[in-house]
Amino acid sequence: MTAPSTPEAPWPVRTVARKVAEWIGRLGEVWVEGQVAQISRRGTATVFLTLRDPAADLSVPVTCARDVAARPGLELAEGARVVVRARPDYYVARGSFSLRATEIRAVGIGELLARIERIRRLLAAEGLFDAARKRPLPFAPAVVGVVTGRDSAAERDVLVTARRRWPAVRFAVHHSLVQGSSAAASVIDGLHRLDADPTVEVIVVARGGGSVEDLLPFSDEGLVRAVAACRTPVVTAVGHETDTTLVDHAADVRAATPTDAAHRVVPEIGEQRRLVDGLRARAGHVLASRIEQQERWLESLRSRPVLASPQRLLEGRSDDVQQLRQRARRSLTHRVESAERDLEHARARVAALSPAATLQRGYAVVQRADGALVRDPGAVADGERLSVRVVGGRLPVRVDREDVQP
């Protein structure tokens, strides 16, 4: 038994390599599913494969005898899905890991569809296909991103149809692989590039029709997650109308064909012109109706007497004012005459009751120097000066007590 390694007693490289090889050797045979990314037949005895994980950027080398790779009914080619029975092997001299295959089976259509269904259920459980995540497409995007194969019919269908419908549209095209083991990674790279471009308002992923194996990259788990993670709305147009891949579930809009995708991302200019013309006609009709309504309202106001003939109202008011003036004059004259009569009566009463009238009858009024009336002869003193008022004027007198008669 090897002693534990310590800073003072470290293991040599050969010991570490040998222990790793022993640990890997204890794993035994395993069944591995993957995609053939590379195949090389060297000499006559050994075949070298590179087996790639479809959902991750990971691969492992595989070696097998030629008779294992040449089994009847097995057609090994790049991009083929296979299930391999192999024993993990660690080559101590080079420190490399590989699988030594003893049996290779091709994955049939049924197995592929079952795998796709398992991935679909997994992603659906995570909510990547929920309708609430779907975003509306912009009405008339200025720039449309397109991920498609170089010089493909799908590219021509999208570009030609979109430009015919909306001539002002511009495109940011990323040519990628759309078939084979590297197709999913190539499409993911195009998505990331276009999603990072702030001018791109919608992205179209387009590919023409093909077999189930041809369309397998568009059911790749990594690609589906990349579509779901895009901040820019994504439209998929993969295969024919009857073909459905997993990216169709994650996309914001699924188009039946690349031509249908062009119809969905841009409006038709003739239709929009007709719509604008219809709206302008409706607006003109509404405006004309409002103007006509206001004209009728103004005409009804103008036809009212107060506006049609305002002097007529003034004439009627003039007659009323004249009548009120006459009534006021008569009332004032009556009041003045009544007041004059009352004044004459008051004057007559005052004249009848005044001292002057009494003096007129021959009476006299005797007053002291301070104006006080003398009512009692005994109230005056001898020699006191008095004033006697008669009708003709005043007479100054002096009291002589000898002449006073009781």
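The values are calculated or read from the model by the stated rules, or taken from the named source; none is laboratory data. Note that the structure is a prediction, hence the values are computed from the model and not measured. Positions of Cβ are generated from backbone atoms using ideal geometry, with glycine treated the same way; all protein chains shown enter the neighbour counts. In case anyone asks, the SASA skips ligands and DNA or RNA and just uses the protein heavy atoms, side chains included. Shrake-Rupley method; radii C 1.70, N 1.55, O 1.52, S 1.80 Å.
Tabulated values for the structure
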item	result
Test: Ser303 is out of contact with any Cys (no Cβ under 9 Å at 6 or more places or on another chain) and surrounded by 10 or more Cβ atoms within 10 Å (Cβ to Cβ)	no
Residue tally, condition among the aliphatic types (A, V, I, L, M), open to solvent by less than 30 Å² (accessible area, probe 1.4 Å) and assigned to a loop (DSSP other than H, G, I, E, B), over segment 148-177	1
Complete set of residues in segment 140-190 that are among the hydrophobic types (A, V, I, L, M, F, W, C) and closer than 25 Å to Val36 by Cβ	Val147, Leu177, Val178, Ala183, Ala184, Ala185, Val187, Ile188
Extreme residue, surrounded by the most Cβ atoms within 10 Å (Cβ to Cβ), among residues of segment 360-380 that are modelled with pLDDT under 80 and small (Gly, Ala, Ser)	Ala364
Total residues in segment 148-204, condition closer than 16 Å to Pro233 by Cα, in contact with an Asp or Glu (Cβ under 9 Å, 6 or more places away or on another chain) and either β-branched (Val, Ile, Thr) or without any contact (Cβ under 8 Å) to a residue 24 or more places away in the chain (or both)	5
Test: residue in segment 348-359 that is open to solvent by 70 Å² or more (accessible area, probe 1.4 Å), closer than 30 Å to Arg401 by Cβ and either assigned to a helix (DSSP H, G or I) or not hydrophobic (A, V, I, L, M, F, W, C) (or both)	yes
3 or more residues farther than 23 Å from Ser181 by Cα: qualifying strands (runs of 3 or more DSSP E) within segment 4-120	81-91
Test: residue in segment 277-284 that is farther than 30 Å from Phe139 by Cα and of a type outside the set (A, V, I, L, M)	no
Single match in Ala114, Ala93, Ala132, Ala124 (criterion: touching a helix residue (DSSP H, G or I) at 6+ places or on another chain (Cβ under 9 Å), without any contact (Cβ under 8 Å) to a residue 24 or more places away in the chain and of a type in the set (A, V, I, L, M))	Ala93
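Here is a yes/no grid of residues against (1) open to solvent by 50 Å² or more (accessible area, probe 1.4 Å); (2) of a type in the set (Gly, Ala, Ser); (3) at pLDDT 90 or above; (4) out of contact with any strand residue (DSSP E or B) (no Cβ under 8 Å at 6 or more places or on another chain):
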position	(1), (2), (3), (4)
Thr63	no, no, no, no
Ala69	no, yes, no, no
Leu99	no, no, no, no
Glu103	no, no, no, no
Ile116	no, no, no, yes
Ala132	yes, yes, yes, yes
Phe139	yes, no, yes, yes
Val146	no, no, yes, no
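Listed here are the residues, each with its yes/no results for (1) at pLDDT below 90; (2) within 30 Å of Ala357 (Cα to Cα); (3) of a type in the set (S, T, N, Q).
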{"position": "Leu287", "(1), (2), (3)": "no, no, no"}
{"position": "Glu292", "(1), (2), (3)": "no, no, no"}
{"position": "Glu299", "(1), (2), (3)": "yes, no, no"}
{"position": "Ser303", "(1), (2), (3)": "yes, no, yes"}
{"position": "Ala308", "(1), (2), (3)": "yes, no, no"}
{"position": "Leu313", "(1), (2), (3)": "yes, no, no"}
{"position": "Gly316", "(1), (2), (3)": "yes, no, no"}
{"position": "Ser331", "(1), (2), (3)": "no, no, yes"}
{"position": "Arg335", "(1), (2), (3)": "no, no, no"}
